[in-house]
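Okay, structure first, notes after.
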Amino acid sequence: MVTDAEIFARYKVQRPRRLKSRHAHAMKSAFDINFTELEEGDYVVHVQHGIGRYLGLKVMPLTVKGSEDSPGEECIVIEYAPGDPMNPPPKLYVPVSEAHLVSKYIGTGKAAPQLNTLGGKRWEKTKEKARQAVRDLAAEMLRIQAVREAEQGHAFGPD
């Protein structure tokens, strides 16, 4: 039996790949970001620095001793909120090889998120709140499972 979705290729089916080395996961996720989905001005999240604004890709020159003809390294440019309103907003240059640390921001509603400052404490507080919420959810699920196991069930007869 073949469905119409398979005939007309409406859904792309991806088979999970087996990761062979311990570094394969990091390398796989480094190429998972689809840069065509990101547009300048989109909000992104860096694991260590928080919410920023994507400004595009830029080739940064490499400074290697004895080699002046180095082609450079492509970097993701992320703009963060200025710590001092008198200074321009700081930019973070993330090499594409470390793109697994960056993901597109997915928020609730259409309100624009507040940008984090580089080196600020707000992002650490946000991550800690998320960790606590996960712990609370896990504890609640364990409590519910314990209550279910303590209750006596009803065995239905065969059909």
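A few comments on the model shown:
- Every condition in (1) at pLDDT below 85; (2) closer than 30 Å to ARG122 by Cα; (3) surrounded by fewer than 14 Cβ atoms within 10 Å (Cβ to Cβ) is met by MET86 except one, and the failing one is (1).
- Selection status of GLU98, part of a helix (DSSP H, G or I), open to solvent by 50 Å² or more (accessible area, probe 1.4 Å) and within 22 Å of LEU38 (Cβ to Cβ): yes
- Members of the range 101-122 that are surrounded by 14 or more Cβ atoms within 10 Å (Cβ to Cβ), in a loop (DSSP other than H, G, I, E, B) and under 14 Å from the mean Cα position of the chain (by Cα): TYR105
- Contacts under 7 angstrom Cβ, first residue in the range 27-56 being among the acidic types (Asp, Glu), partner at pLDDT below 90 and assigned to a strand (DSSP E or B), 6 or more apart: GLU37/LYS104; GLU40/GLY56; ASP42/LYS104
A quick yes/no check of all residues on (1) small (Gly, Ala, Ser); (2) over 30 Å from GLY109 (Cα atoms); (3) part of a loop (DSSP other than H, G, I, E, B); (4) at pLDDT below 80:
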| residue | (1), (2), (3), (4) |
| --- | --- |
| ARG22 | no, yes, yes, yes |
| ALA26 | yes, yes, no, yes |
| ILE33 | no, no, yes, yes |
| LEU55 | no, no, no, no |
| TYR93 | no, no, no, no |
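- Only one of the numbered conditions (1) closer than 27 Å to LEU38 by Cα; (2) within 17 Å of the chain's Cα centre (by Cα); (3) of a type outside the set (Lys, Arg) is violated by VAL59, and that is (2).
- In the range 67-78 there is no residue that is in contact with a helix residue (DSSP H, G or I) (Cβ under 7 Å, 6 or more places away or on another chain) and either open to solvent by 100 Å² or more (accessible area, probe 1.4 Å) or at pLDDT below 70 (or both).
The values are calculated or read from the model by the stated rules, or taken from the named source; none is laboratory data. What you are looking at is a predicted structure, and each value in this text was computed from that prediction instead of being measured. Backbone-built Cβ (ideal geometry, glycine too); neighbour counts: all protein chains shown. Quick note on the areas: whole protein, heavy atoms, side chains included, nothing else; ligands and nucleic acids left out. Shrake-Rupley method; radii C 1.70, N 1.55, O 1.52, S 1.80 Å.
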